[in-house]
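The values are calculated or read from the model by the stated rules, or taken from the named source; none is laboratory data. Note that this is a predicted model, so its numbers are computed, not measured. Neighbour counts are summed over all protein chains in view; Cβ atoms, including those assigned to glycine, are modelled from backbone coordinates with ideal geometry. Side chains included, ligands, DNA and RNA excluded: accessible areas come from the protein's heavy atoms. Shrake-Rupley method; radii C 1.70, N 1.55, O 1.52, S 1.80 Å.
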Amino acid sequence: MRRALALALALLLATPALADSDLPQPRWANEQLPDPRQEIQAQALMETLRCLVCQGQSIADSDADLAGSMRAMVRTRIAAGEKPAAIRAWLIQRYGNWVSFAPPVEPLTWPLWAAPLLLVLAGLWLVRSRFRTGAK
């Protein structure tokens, strides 16, 4: 019984250490393109794409392996002459709208776009009612 418990504990503690990939990063993951104009286009696009692992960082800022692979995909496609809009559309098709920091305005995302305005209006209404109560 102790052996099984010790083995389970060892596996539980070793899991995070084994979670990192030993595979090398793709060529363009951390290397800039030789053409400065293409690199500027790639950087501008990468700043607008969300890391699917980190979720709060762009793929340009993230150290996650998946972000490195996505950077390599973007740079490879830019180097091949593809337009940033086409690359963005391809990534959105592949990973969904979540990959973009600026999701499209559509019926499904209306609450996302309306929430800040509604919260500001609710706050103003509360402040107004507080001032009215305090003035009496």
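Below are the figures for this structure:
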item	result
Condition check for residue 45: in contact (Cβ under 8 Å) with a residue 40 or more places away in the chain, of a type outside the set (Phe, Trp, Tyr) and in contact with a Leu (Cβ under 7 Å, 6 or more places away or on another chain)	no
Some residue of region 68-88 being open to solvent by less than 50 Å² (accessible area, probe 1.4 Å) and part of a loop (DSSP other than H, G, I, E, B)	no
Within region 30-67, tally of residues that are more than 16 Å from residue 87 (Cα to Cα), surrounded by 13 or more Cβ atoms within 10 Å (Cβ to Cβ) and among the small types (Gly, Ala, Ser)	2
